[in-house]
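Since the structure comes first, as structure tokens, the remarks are kept for the end.
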């Protein structure tokens, strides 16, 4: 029971991070081409300014929860995925530095460089996060002692000895890129006004069409690469509500965006991300990290779980910590609600 509970608590942390930090990464991608002048670029940044760094706390909290509840999984994943994790760390650093420094540098060429770094780091982060999830779904070459190593790529084919990037994980990266860019565009329809809001709303249908196509391709590819992801669904048929939720949320995004209901469309995007991630978690449960070298090397829930007493004590502190984090999130988002006005923002 404790294992099941902590599995889904970690899943909640991941969903929380993707939903909250996902839209500001999407704004970062759109920052490259949606804004046409300095005032609009400042408006885009101001729309995420009060919340972007707080959103990233959920990534740290998720990593901490993973370390506490499933130390074997943490040790294996963070050593085997060392190269992509270092890349992600540098991208997070570059993204944060570029946001902060651009408002302290009044030289056009440097500001343009920082804008480019911010946008490019946002693009690469979305791709790497999507590829990371695809690696977990596909599996890694785990040895009996729980160790593995992945090069950045090998022959671009899933198999016993894959790389971090292959055709399947690239699909995962593209799904994340388009989904989070769409998520960011819907956030901008809430937070901006005038031509910028209209531009953000007009880009949604095109992104939605691409996302629908990529979602279908990714689901088919996942079944082809790892057919066992369907086992839990056939064992508990009521859980097919998850793919139904994916379809309904995509339809509602298009409908509510067309009806100019930005908050509803954004919440539908939240639902899409939730159902996609929850569906992926349910597809792998109770295997936390699949071994392409054989099922005997899988890191399963029972194998990775820490002691029962520690889990019980940790649940108390996790509840307190999440209550504080949730209170902070509610305060920030209610305190900075409403449209962003570039003219009112100081340099």
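Kindly establish whether residue 96 is within 30 Å of residue 32 (Cα to Cα), touching a helix residue (DSSP H, G or I) at 6+ places or on another chain (Cβ under 9 Å), surrounded by fewer than 16 Cβ atoms within 10 Å (Cβ to Cβ) and in contact (Cβ under 8 Å) with a residue 60 or more places away in the chain.
no
Which is in a helix (DSSP H, G or I) and under 23 Å from residue 296 (Cα atoms), of 112, 79?
Testing whether each residue is in a helix (DSSP H, G or I) and under 23 Å from residue 296 (Cα atoms) leaves just 79.
Need pairs with beta-carbon distance below 9 Å; first residue more than 16 Å from residue 70 (Cβ to Cβ) and within the range 292-314, second part of a helix (DSSP H, G or I); sequence gap 6+ or separate chains.
Close Cβ pairs satisfying both conditions: 292/138.
Would you tally the residues in the range 34-76 being at pLDDT below 90, outside any helix (DSSP H, G or I) and either touching a strand residue (DSSP E or B) at 6+ places or on another chain (Cβ under 6 Å) or surrounded by 16 or more Cβ atoms within 10 Å (Cβ to Cβ) (or both)?
Selection size over the range 34-76: 4.
Is it the case that some residue within the range 234-242 is in contact (Cβ under 8 Å) with a residue 12 or more places away in the chain and either in contact with a strand residue (DSSP E or B) (Cβ under 9 Å, 6 or more places away or on another chain) or surrounded by fewer than 21 Cβ atoms within 10 Å (Cβ to Cβ) (or both)?
yes
With the requirement that a residue be assigned to a loop (DSSP other than H, G, I, E, B) and either under 22 Å from the mean Cα position of the chain (by Cα) or under 16 Å from residue 299 (Cβ atoms) (or both), what does the range 132-157 give you?
If the condition is that a residue be assigned to a loop (DSSP other than H, G, I, E, B) and either under 22 Å from the mean Cα position of the chain (by Cα) or under 16 Å from residue 299 (Cβ atoms) (or both), then 139, 141, 142, 143, 144, 145, 146, 147, 148, 149, 150, 152 are the ones that fit.
Return yes when residue 228 is closer than 27 Å to residue 286 by Cβ and surrounded by fewer than 19 Cβ atoms within 10 Å (Cβ to Cβ) and no when it is not.
yes
Could you tell me whether the range 273-291 includes any residue that is part of a helix (DSSP H, G or I), out of contact with any strand residue (DSSP E or B) (no Cβ under 7 Å at 6 or more places or on another chain), under 22 Å from residue 191 (Cβ atoms) and modelled with pLDDT of 90 or more?
yes
Need the failing condition index for residue 216 against (1) surrounded by fewer than 20 Cβ atoms within 10 Å (Cβ to Cβ); (2) under 19 Å from the mean Cα position of the chain (by Cα); (3) closer than 24 Å to residue 45 by Cβ, just the number.
The failed condition is (3).
Can you pull out every residue in the range 1-33 that is outside any helix (DSSP H, G or I) and farther than 18 Å from residue 91 by Cα?
If the condition is that a residue be outside any helix (DSSP H, G or I) and farther than 18 Å from residue 91 by Cα, then 1, 33 are the ones that fit.
Does residue 273 satisfy the criteria of being under 30 Å from residue 339 (Cβ atoms) and without any contact (Cβ under 8 Å) to a residue 60 or more places away in the chain?
When the stated conditions are applied, residue 273 does not pass them.
Take the range 1-33 and flag every residue that is under 15 Å from residue 180 (Cα atoms) and more than 19 Å from the chain's Cα centre (by Cα).
The answer is 32, and nothing else.
The values are calculated or read from the model by the stated rules, or taken from the named source; none is laboratory data. As the structure is a computational prediction, the values presented were derived from the model and not from experiment. All Cβ positions, glycine included, derive from the backbone under ideal geometry; neighbour counts span all protein chains shown.
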